[in-house]
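Read the structure below first, then the notes.
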C-alpha cells in the first residue's frame, strides 16, 4: 500500500527543493542597494498614512466558521458517495436528513443576514 | 560492481520508475509554466488586436525565458518592518503546494514498460481527488502569510480577501466533484477515467446533473486559481497588487508560477472528471495517443481560462461572496441530491 | 523500513509541537501547528490509515487552522499588545495549572500504552483505513452519532451567527 506514495514523496521533496532554491537564488543573485526610503512599506510614494494594524470586519470570521462547518459536512459526503450504490435507498434517506438539518442552518444564516456583504 | 547495480535495478524497478516519473513530471510542470505565460500573452494580444510578445526568439517564444532570467537577477527587497522568515515562506508555500498537488494527476492510462504495469503519473493514490483538494487547499496559507508578513495594509486586506474567496469557493468545488464521485463510485482519478471509456457512459459531461456540476466546478475552479474575472486579490484599483504588493523579483514571480501550475492542475482535473481524460473513443488506445488526447483537452481548457480573462470585467467583492454562498453553494447541494436521486431510482 | 520513516516523522511532529508552545508570536505558533498536523498525516499513512491522513489535512490543517489564521489576521495585534498579553499574572497561573493537568493526562496515557502489547500488533484487514472501510462503519454501525453530528454542526452555525451579529449591530 505504501508504494503508491513513492512518487508523491519524491515530488514533495523536489517541490521543497525547487521552491527554497528559487528564493535562495534570488536572494543571492540580486543586487543589494538599500537606502532608507526603499525599505519602507509601499504607500503610493507617500509615508505610510494608515497603520496596517487595525481590526477588520467580523464577516470574514463568520465566513471562516461557516467554511469549517461545511467542510466537515463535505468530508462526510466523500465516503457516502463511494458507498452510494451499496447503501442504496437507506444511504440516500440518511444523507437527506443530514443535509436537511444543515440546510436549515444555512437558511437561518441567510435570513439573519450572515451571508450579506454590504 | 556493475552486476550489483543491475541486480539492484531489477529488484527495485518499481521504486526507481516511481522516482524517475516524479522527477520527469515535476520538471515538465516547471517547463510548462513559461510556455503558458507565453501562450497567455500571445492570446491576450490577439484578443486585444495587438501582436503580443514577438521579438525574442521565433514567435516571441524566448520572452518568458528572458523574463524569468531578468526576474532572477532583480533585487529582492524586504521592507524593514516585514517579518523576514514568513515573508520568505509565503512564496515557497504557494509553489510547493502547487507542484505537490499535481503529483496524483494521471496523464495516460496504465501500460506496460520494462515488464512493469505503470502509467504516466507520479502517484496513483486510492483517494487521489481528495489528495488534490487537501494539498491545493493548503495553498491558501501562502496568501495568508504574504498578507500577514508584509506589514502593509494593502497586503493584509488582499490576503484576507483572497483567502476568504478561496475558502468560499472550495465548498462548491468539493460538492461539484462529489457529483462525479457519486456517478463513478470512486475517488481514484484513474478509475474515474476508466469508467468513461465506452459509449453509453462516455464523457461524464453528457449526463444532465453532471453538466451542471461541470459548470459549477469550472466557475469554482477559476475562483480557486484566482483567475479573472475572480482575480480580486489583484484588484489594482483598490489594493495595488493585493497580497503580493511588497514582493519583488523572483519571489513575486513565484506567486504567478503557483497560479499557472494550479491552472494546469485544475484543467487536468476537469479533463479527468468530465471530459473523459485520455479516452479518444475512435483512435486505438495506445498510451501515446492517450497522452496527446489528454494534453489537447487540457490545453483547450487553458485557452478557455485565458479567453474568459480577456472577456469578463472583474466582479465586485461583495457580489463575489454572495454569488458563491447564495447561488453556487445551494445549487451545488441540490444538484448533488439530484444526481443521487437519479442513481438511487 | 517503516521505523526508518516513522522516527524522523515523529521527531518532526514533536519538534513542531514544541514550536507551538515556545514561539512567542501567534502566527508562528499556528504555523507550527499546521506543520505538526502534516507530520501527523504522514504518521497516519504509515499506519495504513489513508483516509484519516487526508481528512487530517483537509479538516484540521485546511479548515480549522484557516479559522485560526483568520482570527489572527482579524485581531491583527501589534507586537506591543502581544507583550502585555503574555505577562499578565493570572495567565501564568492558568498555564501552570493546565500544564500540570496535561502532564497528568500524559502520564496516564503512557501507563496504558506501556501495558498494552506492542510487539504483536493485531492483524489488520486488507482494506483497513480506506474510504470504503471507514464509510461502511460510519453509515451502518454509527448512523445515530452521524445524524447527531449534523445537529452539532447546526448549533455551531447558529452560535457563529449570534456571536458575529452582536458585533455588527
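Some notes on this structure:
- Shielding by partners - mean other protein chain Cβ count within 10 Å, residues of B:247-260: 2
- Rough spin-label spacing in nm, given labels placed 7 Å along Cα→Cβ, for residue C:24 and residue A:2: 4.1 nm
- Other protein chain Cβ atoms within 10 Å, averaged over every residue that makes up B:180-193: 3
- Spin-label model distance (nm) - residue C:165 vs residue B:304, 7 Å beyond Cα toward Cβ: 4.0 nm
- Look at C:50, A:34 and count the other Cβ atoms within 10 Å of each Cβ; fewest to most, that gives A:34, C:50.
- Within chain B, helix-based [θ] at 222 nm, where runs of 4 or more DSSP H residues each add -39,500 (n - 2.57), nearest 500: -22000 deg cm²/dmol
- Cα centroid of region C:49-78 to Cα centroid of region B:76-127, whole Å: 20 Å
- Among the residues of B:62-75, the average count of other protein chain beta-carbon atoms within 10 Å of the residue beta-carbon is 2.
- The ranking of B:35, C:40, B:113, C:31 by Cβ neighbour count inside 10 Å, starting from the fewest, reads B:113, B:35, C:40, C:31.
- Annotation: peptides C:6-15, B:170-179, ranked by per-residue average of other Cβ atoms within 10 Å with the highest first, follow the order B:170-179, C:6-15.
- Likely footprinting exposure, B:88, B:183, fewest C-beta neighbours within 10 Å first: B:88, B:183
- Peptides B:206-219, C:139-152, A:84-97, B:132-145 ranked from most to least packed, by the mean per-residue count of other Cβ atoms within 10 Å: B:132-145, B:206-219, A:84-97, C:139-152.
We did not get these values from a lab; they are worked out from the coordinates using the rules stated. Fair warning: this is a prediction, and the values are worked out from it, not measured in the lab. Here Cβ is always computed from backbone atoms with ideal geometry, including for glycine, and neighbour counts include all displayed protein chains.
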